Amino acid sequence: MSECWWKDTVVYQIYPRSFKDTTGDGIGDINGIIEKLDYLSYLGISAIWLCPVYQSPNKDNGYDISDYESITSSFGTMEDMDRLINESNKRGIKLIMDLVVNHTSDQHSWFIESKKGLDNSYRDYYVWRDGCSSEQPPNELTSVFSGSAWKFDKTSGQYYLHLFTENQPDLNWEYPNMRKDIYHMMNFWLNKGIGGFRLDVIDLIGKEPDNLVTANGNKLHDYIQEMNQETFGKYPNAMTVGETWGATPEIAKLFSDPLRKELSMVFQFEHMMLDQKNKGDSSGKWDLVPLYVPDLKAVMSKWQVVLGGQGWNSLFWNNHDLPRIVSRWGNDKQYWKESAKLFAILLHFMKGTPYVYQGEEIGMTNVEIDSIDQVNDIEARNMYFDRLGKGYPQNELIHAINVKGRDNARTPMQWDSSKNAGFSSGTPWLPVNANYKKINVASQIKDADSILNTYKKVIEFRKDNILVKYGDYKLLETNENIFAYLRSNRESQLLVVANISSREDVFDKNGMKFGGRALVCNYQLDLEKEKISLPPYAAFAVMIDNRN
């Protein structure tokens, strides 16, 4: 693969706990991923983003790492991991490891030592502060998972910072020895032959807790440039993507401008906050409002245009922290198939690197629960009990979890119509969605008109396609719920049209001539007409005839 190979590729995200279980313990494992590599090759995937498989007590499903250089036993062994890397590379699939360096587990040996006292050599690996008392923390910083971000330690009489659960103490990036150990660990994995890293909440490592600053602190980019120089910058083909919830296009340029030698790209979430009341604050995800399609068009288009040649964009609808897009902004009942295809067509012709989250390619849907006892996700549970104590109605909280809860993305992968959807011969760690007999890989792989084969088609089209890779982007003026854009270069133009609505609508071609049949379409549409009738959730992509 060439340098910047990720500009040609589509990345498939695997949540290993829910992907494929080969041991019957109800938990997906590394050997299950190896078993399905040929399926990913069929789909056209050339990179895997692998969620954490490191040793962890799983207080936050692997994002609390207790040993960076060991594998959680339920997932397998380091030998299994080496085999996954090798088998992936044989198929031309790069393995991108999910890495958490903002915090560790409280069971990590560094933190165990750090807690032993103020004079311990690992004390400065973490963020410790004096409080006014054991009942009054250093300041009012709050955790993403509700409550104070400070936890009092009786042994030393100080508080430690945890921006997530109290079992996830934050690392102190101001301490050089800690950074050196992190870099040593990253090189351990790069030397094994992985393709790079997805860096969890990387915009938090420059935090300034005394100034109440968490994201985008003053030293953030110094740390990332040093990380680049000491680790993946030494590997020309390494891909890196940073999770940056609060990024603007200007901030994204700082991360991903090649001249700055930081990251390949970032995940930005501005479009993912459009269906909440406070659209600029990720902590407001539970305060729901309907999606206003013109807002989606504006935000997606801004990111297509403003980065220019100074940065690279990530394209996604789903991940392990987000609900299923077909349930969220589509119609997973009456127009399930059509709306699932719409989101594939709309996204995959844009400029950037697309990410497909496991099950997205078959239109997996959200699950509905009616009791907090059915919820596994610690974020949703903490929110529920916190808000219940503040007087929020119980039914309102359950509704919010059904719409936005992270368990929606974490139900087991639906492979076939057999018991437990072919995921496990045992009892799955999280119940399988009841619709698995209708929605599964086996029922779609042989159906040329399936959601799965629509994904295969759009993934194949964008490979080595200069127009999709580098072409200009232009949003077209249309009716409110129609999202239409042009991709163009000197040689050709491509039009994408999507009706994000349960109502019929009309797209006016305004004199455009189409250069043949649709590249991909989710209805049988009459594209010859000047005004094209669009059924609910209709979407198509077509080349424009530029001949005079």
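Every number in this text was worked out from the coordinates using simple rules, so none of it is lab data. None of the values given here were measured: they were computed from a predicted structure. Quick reminder, even Gly has a Cβ in these numbers, built from the backbone with ideal geometry, and neighbours come from all protein chains shown.
Assorted remarks:
- FRET efficiency for the residue 210 to residue 399 pair, using the beta carbon distance and R₀ = 45 Å, is estimated at 0.70.
- Over 23 Å (Cα to Cα) - which of 7/219; 20/437; 207/390 fall in this group: 7/219; 207/390
- Shape metrics for segment 69-193, restricted to C-alpha atoms - Rg then Dmax, Å: 17.7, 58
- Of all DSSP beta bridges in the chain, antiparallel share, percent nearest 5: 60 percent
- The chain: angle of helix 220-230 to the longest principal axis, Cα-based, in degrees nearest 10: 90 degrees
- Charge tally for residue 226 (other residues, Cβ to Cβ under 13 Å; Lys, Arg +1; Asp, Glu -1): +2.
- Kirkwood-Stokes translational diffusion coefficient of segment 1-111, alpha-carbon pairs, 10 °C, 1.306 mPa s, µm²/s: 109 µm²/s
- Ellipsoid semi-axes in whole angstrom, largest first, where each is sqrt(5λ) of the Cα gyration tensor of segment 286-346: 24, 14, 12
- Applying 0.36 nm per residue to the separation of residue 281 and residue 513 and subtracting their alpha-carbon distance, the gain on full extension is 79.2 nm.
- Gain on full stretching of the segment that runs from residue 473 to residue 120 - 0.36 nm per residue minus C-alpha separation: 121.5 nm
- Overall, the ratio between the Cα radius of gyration of segment 272-312 and 2.2 N^0.38 Å, rounded to two decimals, is 1.35.
- Positive dipole terminus of segment 405-518, leading residue within 484, 420, 512 (C-beta point charges): 420
- Size descriptor, Kirkwood hydrodynamic radius, that averages inverse alpha-carbon separations across the chain, Å: 24.3 Å
- Protection proxy ranking of 428-435, 10-17 - average other beta-carbon atoms within 10 Å, highest first: 10-17, 428-435
- Over the chain: helical MRE at 222 nm, DSSP H runs n ≥ 4 each giving -39500 (n - 2.57), nearest 500: -7500 deg cm²/dmol
- Percentage, to the nearest whole number, of Cα pairs in segment 109-161 over 18 Å apart: 30 percent
- For segment 155-194, a Kirkwood radius taken over Cα pairs fed into Stokes-Einstein (25 °C, viscosity 0.890 mPa s) yields D = 199 µm²/s.
- Cα-based convex hull volume of segment 471-544 per residue, rounded to whole Å³: 82 Å³
- Going by neighbour counts of Cβ atoms within 10 Å, the residues 4, 521, 51, 132 line up, fewest first, as 132, 4, 521, 51.
- Residues 321, 508, sorted so that the one with the fewest Cβ neighbours within 10 Å comes first: 508, 321
- Between residue 390 and residue 79, the contour length at 0.36 nm per residue exceeds the Cα-Cα span by 107.0 nm.
- Across the chain, the mean sequence separation of Cα contacts (distance under 8 Å, 6 or more residues apart), normalised by length, yields a relative contact order of 13 percent.
- Contact order, relative form, for segment 471-544: 33 percent (alpha carbon pairs under 8 Å, 6 or more residues apart, mean separation divided by residue count).
- Using alpha carbons only: equivalent-ellipsoid semi-axes of segment 332-462, gyration tensor based, whole Å: 30, 19, 12
- 37 °C / 0.692 mPa s Stokes-Einstein diffusion coefficient of segment 187-312, Kirkwood radius on C-alpha pairs, µm²/s: 208 µm²/s
- Residue order, fewest to most surrounding Cβ atoms within 10 angstrom, among 118, 99, 495: 118, 99, 495
- Expressed in units of 2.2 N^0.38 Å, where N is the residue count, the Cα radius of gyration of segment 400-529 is 1.39.
- The GluC sites (Glu not before Pro) found in segment 346-440 that occupy coil by DSSP, while having at most 16 further C-beta atoms within 10 Å, are 368.
- Cβ-based net charge around residue 463, under 13 Å, with every Lys or Arg adding one and every Asp or Glu removing one: +2
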